[in-house]
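The values are calculated or read from the model by the stated rules, or taken from the named source; none is laboratory data. The structure displayed is predicted, hence computed values, not measured ones. Here the Cβ positions follow ideal geometry from the backbone for every residue, glycine too, while neighbour counts run over all protein chains shown. We work out accessible area using only protein heavy atoms, side chains counted, and drop any ligands, DNA or RNA first. Shrake-Rupley method; radii C 1.70, N 1.55, O 1.52, S 1.80 Å.
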Amino acid sequence: MDKRYQVFVSSTYQDLKDERIEVIQALLELDCIPVGMEYFPAADESQWEFIKKLIDESDYYIVILAGKYGSMDNSGKSYTQKEYEYALEKGIPIISFVHADTDSLPSSKTEKEGEKLEKLRLFKELVQKKLCKFWHTPHDLGAVVSRSVSQAKKNYPRVGWIRADMVEETSNKEILNLYKRIQQLEKELSESNKTNLTLTEKIELADGNEIIEIRFELNYGEWNNKETLRESISLSLNEISYYLLPKIVNPITEATFKSSFKGIIRENWLDSYANKLKNLKNLTVAQNSSAYDTINIQYQLLEWIELYDVEKEKDGQMKTVRMVRLTDAGRNKLVQLRAILK
C-alpha cells in the first residue's frame, strides 16, 4: 500500500529561498508532502498554534541552518529554534542540515548583530548534539536531503498518509490498532532501556583512582633490522583522563582521538626512560588497541564523551566521519582534574 510522508521543513526564509526550493523538489521526488514556512513566512505568535499542529501531523522534521538566526518571538528565541525544540519534545524524527562554511556566504545572508550571532552559535551547538549533515550549495543540500530522508524512512518508519479511497473502514481500524500497539511496544522498550541504565549505574563504574594497565610495543632500529620491546604501564583513570580529556575540548575525529592515546604512553613511559632509549634509532610506539577500546567504552558508559557522525567533503565527495566530543559530564570531570583553584 502506497504511503506518503509529511515532512515539515524548518529554516529562516528570505536567505534560504533557493535552498528550500531544492529541498522541496527532493521531497516531492520521494513522494513526500513538504510543509513549512512558504505558507506563512512572517511568523508570529498568532500562527504558532497552527505551526505546532502542522508539526504534530508530520512524520519527519527537517531543520536547515546557515548564516541567519531568523525572526524572534517576544522572548527573543527564533521561530526556527522554537519549531526544532517542539519537534524534539514531541519525539518526531529530526534530520538536521548545517551549512559547512558560513564564512563563504554573502554578508546579506549572515548575522551582523552580536546577540543574534551568539544565539545562532548556541542553536547550532544544540542541533549538532544529534546526528546532522553538512552542505555547501543548494544543489548539494537537495542531494543530501534526498539520501537522508530515504534512510530515515528505513530506520524510523512512520505512519504516513494513505488515500481514503484506498482503504476500507475496517482496514483503517486495523492500522490504527497496529499503530497503538507499536506505540505501546516503543514505550515498553524505552522503559526497558531505562531499567538497563539503572543496572549499569549500580555496577559503580570506575571513574577516578582505579588502576588500568596499558600494554604496548616499542619498535626501534633500522628498517631492515627492527627490534621490539614489549612493555606496560599502570595508570589510574584520573591520570589517563588528565592527559586525554583536554584533547577533545573541541570536537575531533575518532581517529585523532585514538592517535592522542599514544601520547599517554610517550608522556608517562618514554620520558621516564630517556637514558635507556637515547641510543635507540627510529623509535615508534605501537599501542595495544584493547587499552584504547577499554577507555573509549568506559568514557561512553560514564557519559563523558559522545560519538556522532558528520558529513565532510574529501576529494570532491561527501564522506561520513565519526567524531568525538565532550559531554557536560566530561567537561565537569575535566574541570575537576585541570582547573587551577584559588
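Which residues, taken from the range 232-251, are open to solvent by less than 30 Å² (accessible area, probe 1.4 Å) and closer than 29 Å to K312 by Cβ? Quick ask: steps written out before the conclusion?
Within the range 232-251, the first condition is being open to solvent by less than 30 Å² (accessible area, probe 1.4 Å), and the residues that meet it are 233, 235-237, 240-241, 244-245, 248.
Scanning the range 232-251 gives I240, S241, L244, L245, I248.
Six or more apart or on different chains, Cβ atoms under 7 Å: show the pairs whose first residue is in the range 45-69 and under 16 Å from I92 (Cβ atoms) and outside any strand (DSSP E or B) and whose second is of a type in the set (D, E, K, R) and open to solvent by 20 Å² or more (accessible area, probe 1.4 Å).
Once the first residue is under 16 Å from I92 (Cβ atoms) and outside any strand (DSSP E or B) and sits in the range 45-69, its partners that are of a type in the set (D, E, K, R) and open to solvent by 20 Å² or more (accessible area, probe 1.4 Å) give I55/K90; D56/K90; D59/R158.
Output yes when any residue across the range 301-309 is in contact with a Leu (Cβ under 9 Å, 6 or more places away or on another chain), surrounded by 13 or more Cβ atoms within 10 Å (Cβ to Cβ) and free of Cβ contacts under 8 Å to residues at least 12 places away in the same chain, and no when none is.
No, the range 301-309 contains no residue that is in contact with a Leu (Cβ under 9 Å, 6 or more places away or on another chain), surrounded by 13 or more Cβ atoms within 10 Å (Cβ to Cβ) and free of Cβ contacts under 8 Å to residues at least 12 places away in the same chain.
List the residue pairs whose Cβ atoms are under 8 Å apart, where the first residue sits in the range 25-44 and is of a type outside the set (D, E, K, R), the second is open to solvent by less than 40 Å² (accessible area, probe 1.4 Å) and at pLDDT below 60, and the two are 6 or more positions apart or on different chains.
M37/A43
Under the condition of being at negative phi and of a type in the set (G, A, S), which residue from the range 310-342 is surrounded by the most Cβ atoms within 10 Å (Cβ to Cβ)?
Pass one, the range 310-342, residues at negative phi: 310-314, 317-342.
Imposing the further condition that a residue be of a type in the set (G, A, S) reduces the set to 329-330, 339.
Working: A329: 15, G330: 21, A339: 7.
Of everything passing the filter in the range 310-342, G330 is surrounded by the most Cβ atoms within 10 Å (Cβ to Cβ).
If we scan the range 275-286, do we find a residue that is open to solvent by 40 Å² or more (accessible area, probe 1.4 Å), in a helix (DSSP H, G or I) and at pLDDT below 70?
Within the range 275-286, one or more residues are open to solvent by 40 Å² or more (accessible area, probe 1.4 Å), in a helix (DSSP H, G or I) and at pLDDT below 70.
Hey, any hits in the range 232-254 for a residue that's farther than 29 Å from T327 by Cβ, within 37 Å of the chain's Cα centre (by Cα), at pLDDT 70 or above and assigned to a strand (DSSP E or B)?
The answer is yes, given that some residue of the range 232-254 is farther than 29 Å from T327 by Cβ, within 37 Å of the chain's Cα centre (by Cα), at pLDDT 70 or above and assigned to a strand (DSSP E or B).
Which count do you get for residues in the range 320-330 that are closer than 16 Å to F257 by Cβ and either assigned to a helix (DSSP H, G or I) or among the basic types (K, R) (or both)? Give the steps one after another, and end with the answer.
The first filter runs over the range 320-330 and keeps only residues closer than 16 Å to F257 by Cβ, leaving 321-327, 330.
Imposing the further condition that a residue be either assigned to a helix (DSSP H, G or I) or among the basic types (K, R) (or both) reduces the set to 322, 325, 330.
Matching residues across the range 320-330 total 3.
Test E222 against the criterion of being open to solvent by 10 Å² or more (accessible area, probe 1.4 Å) and modelled with pLDDT under 80, and give yes or no.
On the way: open to solvent by 10 Å² or more (accessible area, probe 1.4 Å): yes; modelled with pLDDT under 80: yes.
Here the answer is yes, as E222 does meet what is asked.
It is to be established whether one or more residues within the range 158-166 are within 30 Å of C32 (Cβ to Cβ), open to solvent by less than 40 Å² (accessible area, probe 1.4 Å) and either modelled with pLDDT of 70 or more or hydroxyl-bearing (S, T, Y) (or both).
So far as the range 158-166 goes, yes, one or more of its residues are within 30 Å of C32 (Cβ to Cβ), open to solvent by less than 40 Å² (accessible area, probe 1.4 Å) and either modelled with pLDDT of 70 or more or hydroxyl-bearing (S, T, Y) (or both).
Determine whether the range 86-109 contains at least one residue that is polar (S, T, N, Q), farther than 21 Å from W161 by Cβ and surrounded by 13 or more Cβ atoms within 10 Å (Cβ to Cβ).
Within the range 86-109 (the criterion being polar (S, T, N, Q), farther than 21 Å from W161 by Cβ and surrounded by 13 or more Cβ atoms within 10 Å (Cβ to Cβ)), the answer is yes, since at least one residue qualifies.
Do any residues in the range 123-140 that are within 13 Å of I94 (Cα to Cα) have Cβ atoms under 8 Å from those of residues that are among the charged types (D, E, K, R), where the two are at least six apart or on different chains, and which pairs are they?
From residues that are within 13 Å of I94 (Cα to Cα), the pairs are K129/E306; L131/D309; K133/E311.
Please name all residue pairs, on different chains or six or more residues apart, with Cβ atoms under 9 Å, provided the first residue is in the range 73-87 and is over 22 Å from G114 (Cα atoms) and the second residue is charged (D, E, K, R) and open to solvent by less than 10 Å² (accessible area, probe 1.4 Å).
Listed by first residue and then by second, the contacts come to nothing, as the list is empty.
Does E267 satisfy the condition of being exposed (fewer than 14 other Cβ atoms within 10 Å of the Cβ), at pLDDT 65 or above, farther than 22 Å from A206 by Cα and out of contact with any strand residue (DSSP E or B) (no Cβ under 9 Å at 6 or more places or on another chain)?
yes
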